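Before any comments, here is the structure.
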2 protein chains.
Amino acid sequence: MAESTTKDEISLVEAQAQASTPAPAADAAAADGEEGAGPSKKAAKKAEAKAKKEAEKARRAAERAAQLAATAAAQAEDHAVDNYGQETHDTKLSPDVTLISLKNLGEEHLGKKVELRAWVQNSRMQGAKMAFLELREEGTWAIQGVVAVNAEGTVSKQMVKWIGSVNLESFVVVEATVEKPLEPVKSTRVQNYELHITKLFVVAAAPPVLGMTLATANKAVTNFSDEDTPVEEAVEKLTIEGQQPDTVPAATMMTHLNQIVMHKRSAVQTAIADIRVEVKHAFRDYLRARGFKEFEPPCLIGAASEGGSNVFGLKYFGADAFLAQSPQFYKQIEIAGGRKRVFSVGPVFRAENSNTPRHMTEFTGLDLEAEIVHDYHEVMLILEGCLLNIFKVLEERCAREIELVRSVYPSEPFLVPKEGEEVRLTFAEGQKLLREEGPEEYRNVSDFEDMSTPQEKALGALIRKKYKTDFYILDKFPAEARPFYAKEDPADRKVTNSYDFFMRQQEILSGGQRINDASELSERCRTKGVDPESPGIKEYIDIFRQAGVPPHAGGGIGLDRVVAWYLGLPSVHLAAYYPRTPKRLTP
Amino acid sequence: MAESTTKDEISLVEAQAQASTPAPAADAAAADGEEGAGPSKKAAKKAEAKAKKEAEKARRAAERAAQLAATAAAQAEDHAVDNYGQETHDTKLSPDVTLISLKNLGEEHLGKKVELRAWVQNSRMQGAKMAFLELREEGTWAIQGVVAVNAEGTVSKQMVKWIGSVNLESFVVVEATVEKPLEPVKSTRVQNYELHITKLFVVAAAPPVLGMTLATANKAVTNFSDEDTPVEEAVEKLTIEGQQPDTVPAATMMTHLNQIVMHKRSAVQTAIADIRVEVKHAFRDYLRARGFKEFEPPCLIGAASEGGSNVFGLKYFGADAFLAQSPQFYKQIEIAGGRKRVFSVGPVFRAENSNTPRHMTEFTGLDLEAEIVHDYHEVMLILEGCLLNIFKVLEERCAREIELVRSVYPSEPFLVPKEGEEVRLTFAEGQKLLREEGPEEYRNVSDFEDMSTPQEKALGALIRKKYKTDFYILDKFPAEARPFYAKEDPADRKVTNSYDFFMRQQEILSGGQRINDASELSERCRTKGVDPESPGIKEYIDIFRQAGVPPHAGGGIGLDRVVAWYLGLPSVHLAAYYPRTPKRLTP
């Protein structure tokens, strides 16, 4: 299924590509911003087939033209033939050339002969004797390159023409002299230097027409559905926050993922990926510094411990296996096995048929578990400190990336509480706030029934207004709302020693103290209608029969959600490297 | 299947436990060292059933005796009743008590009242008025505790007796005064202090009879099979390296895994886990410092890219999904997507029905991929540097742990080449060495046929003798021995720009330069008999059609193998947290 989607999408893209000029230009191709207003399926299929044929025709014509041009060029006298072309094993730059990286470019390079390896992200002929290029090395690091015919003949007219027509997003190696531009270059991140190109070879060519241009890739995604039906929430959000239409077309998430290479090359996706890397490192570094030991829980497990719904099953050498929905069982075995504090970073799986911008079938879990000395709030405060530190790290290290993401996906800055002013409400206090200050429909919410998602959002809005924070904790959830292993508050058995954390009104962490006694666990199982002898559950409870297990608590964070909600992205799929949804397993 | 194995094993353990005394003692229980020489299956089953019954009887008798004793104690006058017993919510220690951790214990604590939370790992009555305990806080950190009847009556005879009979491996909270022992304590890691216990409460009780004692858990595993048939290699190794039989019985891997809590509490497993943590961190830190960005490849994929054999498949919302056998495709997409250097740490899956101490169906892959500037050896040398750094880190930070592991699993120290003397042979040089100096049967090995495992081992032995190293590289593998995506050496098309790394004569890393051009890939596919239009392959090749992809190379390391072979362990299963084999998915 996923595959046929891919094929359809590719032909759609080809058809769209064909509609625009086949010559490389920044804004060509992939203009699928108008989806949903298109023709019927049949007509579309027919149109596609036709478009495909014509695209093929156009392409062949372009190839022929290129060949003719090449022959003509070869026939004319060209003293620069060794200075451009396709790179081969024998291609040599001048011996005195220095390899540079743009972020380290400085005054010491002025007038020097350098080597740059980069993508051609834009090009423009200035008459027949000069061409300007934008050469992108990595992320947003790009520099202007100029190539101009010279008197000595080492740069010929043919060379300039050839360079000016290199397909965009080809990877090239450039030999050039570093010079000061007449005035600072506005279109590239490197503004005070430019490269006067003396040689240019194509190392790896891009196709004549890109499936999605870089400019399109850097626009906000128009639709996050895996089908053609729009996901209302996402679209609404984008409409509300007002992306002004301009000349560059935007594309759907489907196109972005089918054109994954260009999707990833966009500045906005590079920035999101960089932010994600920092979140993960900050999580790990914070815990390592506090004596937590990392471990790897298994993905393949022998029993579906959470009852079998929403769990992927597979055949395993004649037996049944399942994909773990959470590493919790294994974190607890680590504690039972004598570790004081553990954490894990790894994939977790949910076989939930939810096609929303908030859900994925595989995501990265950041999980921790720790022995409690006197009170489970010790662990809750570590988790809080860990998240506050992540926000601090992002502000310190990723200001540029955050700004860049906001320029494409506008959002309010993420409000973080000041030290000493963290918001930690009990569930009952939260419900009280909703009853007293929330919308009409929440006048009668109970302290002992779980909150709905709209309720959570309403409460989040109240808290943001009242406490000026987008990050807060709800503590002491009612026993009704928690699984059998949640430890009851010994002082008030109607609530449990458990908590949820929220970012921008959405839950990103769930955790609490776990029961550490086998008979208490069995009893709670029965109260909850779970058979303590059922597969998965029995093995879980048996762990606490093997030896004395100290009291412990923990929590699990969804990495993708932390990134997405911190940045106020319209979909968690933008924060994942390779989002997995019920309808998509590629790329 | 996995489950019935579990049940059988539990009853076996119970039967064995019953054979020894039901009173807690360090060397009781789980004496399954004699497996393989046992009775027939039927007889064993019968014996088990009988043993089970008797064990149950003995247990009930012990419970009755304990109850009687408790009642008797309560009847006698006991002024210490508030100073011992089961911890409850109301249990209070003295207000002036300081929580300690053993590794920070110092002179400043002498004479102070402290709190320690620990496992009782051993206990011994000294007459009726004094008891000695070994209290283990974490890993190998244990201290001697003494409790003795005092004149004031705050420690009573009943209290001493009760403390002396706390089930081993119960988790307790202790209030005590820190004192100097008369002479250094030999049996615990803390030798210069002991705790004079004034209060002791059981926080979480262990069972009266452990499924496996700590002493047994700390012995070398006798058999790594998941069935009752021994895995010859592992057993042979242990026999050769001569574990002297002593009074503490050793257990099979099956028992260890069924008694995972005690398995993990053993000093040797804690040390292996600590070493594993350091390997992982060293890998990550080294690469982060060199500009590598971490990313998460997906586990769920839409097509079995390596041909469908050895790959786990599952139903995915009516379609088919597979579990990734390697993150390579995704590392390459990251490079195509503009990242210069990436790495990943995560699970990879192999549906290979190999029941050997070298194989697992799920293991942790350490993978990296990087753009090549001039030559793929740039990446090979990063990988080499990364591994050499791991060895250095282990020597510096884990000397104690390595020594501890060697005391249980004897091995020669791992030989690392000096800087500048790294061994990097071409495949052809390796074969030449085998032909000229290897065993008779390798007189005619070819430079263009892949090596067998025995051949690798023979070559490794030669290299160890000649170059004094357990770590080396074979470079330039013949095209025959590599997959279609391996880049041929442009100067000699019979070999590829690819390498394997070895530790103690076994491969731990495979890598090389990948073809970065779609048409070259298609052509190589056909040469290798792979259809470039087949599912998985087509999507792979299409990536190189989306835009120009720079030359790149990489490699993948098996974390479990690095740990196991560095330590010379008899099985990779000892290096994994939760080994997955064709016959085992629990715990």
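Annotations
- Charge dipole (debye, nearest 20) of the protein assembly as shown; +1 at Cβ of Lys and Arg, -1 at Cβ of Asp and Glu: 520 debye
- Loop trypsin sites (Lys or Arg not before Pro), segment B:372-422, which have at most 11 other Cβ atoms in a 10 Å radius of their Cβ (DSSP): B:K418
- Between this copy and the others, label points of B:A481 are 6.1 nm apart in ascending order, each placed 7 angstrom from Cα in the Cβ direction.
- Calculated on the alpha-carbon coordinates, the convex hull of segment B:83-204 measures out at 105 cubic angstrom per residue.
- Dimensionless Rg/Rh of chain B - Kirkwood Rh, Rg from C-alpha atoms: 1.05
- If you look at the Cα atoms of segment A:341-391, you get an Rg and a Dmax of 14.5, 43 Å.
- Fraction of antiparallel bridges per DSSP, the protein assembly as shown only, in percent to nearest 5: 85 percent
- For A:H552, A:H377, order by how many other beta-carbon atoms lie within 10 Å, fewest first: A:H377, A:H552
- Evaluating kT/(6 pi eta Rh) at 37 °C and 0.692 mPa s, with the Kirkwood radius of segment A:269-575 over Cα pairs in the Stokes-Einstein relation, gives 162 µm² s⁻¹.
- Signed unit charges on C-beta, dipole axis of segment B:83-204, positive-most listed residue B:A131, B:F201, B:S101: B:A131
- Degrees between helix A:267-288 axis and first principal axis of chain A (Cα, 0 to 90, nearest 10): 40 degrees
- Global size of segment A:299-375 as Cα Rg and Dmax, reported in angstrom: 14.5, 47
- Rounded to 5, the percent of DSSP beta bridges in chain B classed as antiparallel: 85 percent
- Ranked by how many other Cβ atoms sit within 10 Å of their own Cβ, fewest first, the residues A:R580, B:R358 fall in the order B:R358, A:R580.
- Taken over segment B:100-152, the convex hull of the Cα atoms encloses 96 Å³ per residue.
- For chain A, the longest principal axis of the C-alpha atoms and the axis of helix A:377-397 are separated by about 20°.
- Spin-label pair A:K112-A:V373: with each label point 7 Å from Cα along the Cα-Cβ axis, the two points sit 5.4 nm from one another.
- 0 to 90° range, to nearest 10: angle between helix B:427-437 axis and chain B longest Cα axis: 70 degrees
- Once the chain from B:Q191 to B:E352 is taken as fully extended at 0.36 nm per residue, the excess over their C-alpha distance is 53.1 nm.
- Take B:R64, move 7 Å from Cα toward the beta carbon, and the resulting point lies 10.3 nm from the same point in each other copy, nearest first.
- Cα-centre dipole for chain B with unit charges at Cβ (Lys and Arg positive, Asp and Glu negative), debye to 20: 980 debye
- Cβ nearest the rotation axis (A onto B), residue from chain A and distance to the nearest whole Å: A:L314, 2
- Cα point-scatterer Debye curve for segment A:432-587, base-10 log of I(q)/I(0) at q = 0.09, 0.10, 0.19 Å⁻¹: -0.40, -0.49, -1.17
- Both numbers refer to the Cα atoms of segment B:415-505; Rg and Dmax are 13.0, 35 Å.
- Neighbour counts of C-beta atoms inside 10 Å place A:R443, B:R435 in the sequence A:R443, B:R435, starting with the fewest.
- Spin-label pair A:S452-B:R406: with each label point 7 Å from Cα along the Cα-Cβ axis, the two points sit 6.6 nm from one another.
- DSSP finds beta bridges in segment B:83-204, and of those with both partners inside it, around 80 percent are antiparallel.
- Under 9 Å, Cβ to Cβ, from A:E401 - net charge with Lys/Arg +1 and Asp/Glu -1: -1
- Value of Rg/Rh across segment B:367-479 [Cα atoms, Kirkwood radius]: 1.02
- Here A:S309 yields copy-to-copy label distances, from shortest upward, of 4.2 nm, the label point defined as 7 Å from Cα along Cα to C-beta.
- Extended-chain gain in nm, criterion 0.36 nm per residue less alpha-carbon gap, A:E395 and A:R435: 10.9 nm
- Cα-Cα separations in the protein assembly as shown greater than 49 Å, expressed as whole percent: 35 percent
Read the figures in this text as sums done on the coordinates, not as results from a lab. This structure is a prediction, so every number in the text was calculated from the model and none was measured. Because the Cβ atoms are built from the backbone with ideal geometry, glycine has one as well, and the counts that use them run over all protein chains shown.
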